[in-house]
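Reading through the structure tokens given below for one structure.
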């Protein structure tokens, strides 16, 4: 084999490896990196009841730090709600079909867990509806905190679920990569 062919094969292999890493995890510069949740496609290896239970168990340290001794109860509906992906009203309720993928489901469950935490630790939480009427849903301080906390912890929760092999990355079809 000539040196040119070896160099071509070697450089092509490196290029393909770097392309693969960039597509999978984002570039390593730190600029424009997307979260694991946005890049990878995930599928569950367990029933949704187990998956949601494990997401809730992931929040154990938060609950413990807030002196909350019990995990919230939850209920799953297997249909799409026209308005909600989930809600909290003394129990966490999740609408599976309103959560089209694992990262969205993780975010929704974490969001609702924060509402459970708020209900257990913040005396103002009983004024949730009043705050919604005053500030609107998106500016309600409880909603803003729940969205921020869920976004901050979604990647770590996905890593936790993957480490327990409860979720796995879907295999990308070779036809998805265009030359």
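Every number in this text was worked out from the coordinates using simple rules, so none of it is lab data. Since the structure is predicted, the reported quantities are computational estimates derived from the model, not experimental observations. A quick note on method: Cβ atoms are made from the backbone with ideal geometry, for glycine too, and the neighbour counts reach across all protein chains shown.
List of remarks:
- DSSP bridge orientation in the range 41-176 - percent antiparallel, rounded to nearest 5: 60
- Between residue 135 and residue 170, the simple label model (points 7 Å from Cα in the Cβ direction) yields a spacing of 3.6 nm.
- Efficiency of FRET between residue 83 and residue 145 - r from beta-carbon atoms, R0 30 angstrom, step 0.05: 0.90
- Peptides 42-53, 109-120 ranked from most to least packed give 109-120, 42-53, packing being the mean of other C-beta atoms within 10 angstrom over each peptide's residues.
- Within the range 58-76: backbone nitrogen closer than 19 Å to the residue 91 label point (7 Å, Cα to C-beta): 70-76
- Between residue 53 and residue 127, full extension at 0.36 nm per residue minus the direct alpha carbon distance yields a gain of 23.8 nm.
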